[in-house]
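Notes follow once the structure below has been shown.
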Amino acid sequence: MTSKLLVILLLLFPTSLLAAEHNVSSAADIAAALQVAKPGDTLLMADGAWTDQHILIKADGQPEKPITLRSTTPGKVILTGQSSLKIQGQYLIVTGLH
């Protein structure tokens, strides 16, 4: 009985509908993750100093499923040096950066 219930749940909620988390540690990692990110996904930035990183968030989320870029620990990602952050698109959230 349990296996039948599991099959039914998998059919009702396919994994492609679930949001994913992408761990990133550089601007290049962010660019690569955005190539596969879907609405509702989160890009988790590694804590620490991000020096001279030119980050471009160019994507489109959805009203109920924004794409989020956030630090793993709020306030623990510090953009330093000549770092920049540019955002292009709709329904994008950036949070937890310093």
Quiz prompt | Whichever residue in segment 25-37 is touching a residue at least 24 places away in the same chain (Cβ under 8 Å) and surrounded by 14 or more Cβ atoms within 10 Å (Cβ to Cβ) and, among such residues, is farthest from residue 85 (Cα to Cα) | solution = 37
Practice problem: Would you be able to tell me the number of residues in segment 1-45 that are at pLDDT 95 or above and in a helix (DSSP H, G or I)? | Solution: 10
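The rows are residues; the columns are (1) more than 19 Å from residue 32 (Cα to Cα); (2) surrounded by 14 or more Cβ atoms within 10 Å (Cβ to Cβ); (3) not hydroxyl-bearing (Ser, Thr, Tyr).
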position: 43; (1), (2), (3): no, yes, yes
position: 58; (1), (2), (3): no, no, yes
position: 62; (1), (2), (3): yes, no, yes
position: 71; (1), (2), (3): no, yes, no
position: 81; (1), (2), (3): yes, no, yes
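The values are calculated or read from the model by the stated rules, or taken from the named source; none is laboratory data. Remember, predicted model here, so these are calculated numbers, not experimental data. Using ideal geometry, Cβ is built from the backbone for each residue, glycine included, and neighbour counts are taken over all protein chains shown.
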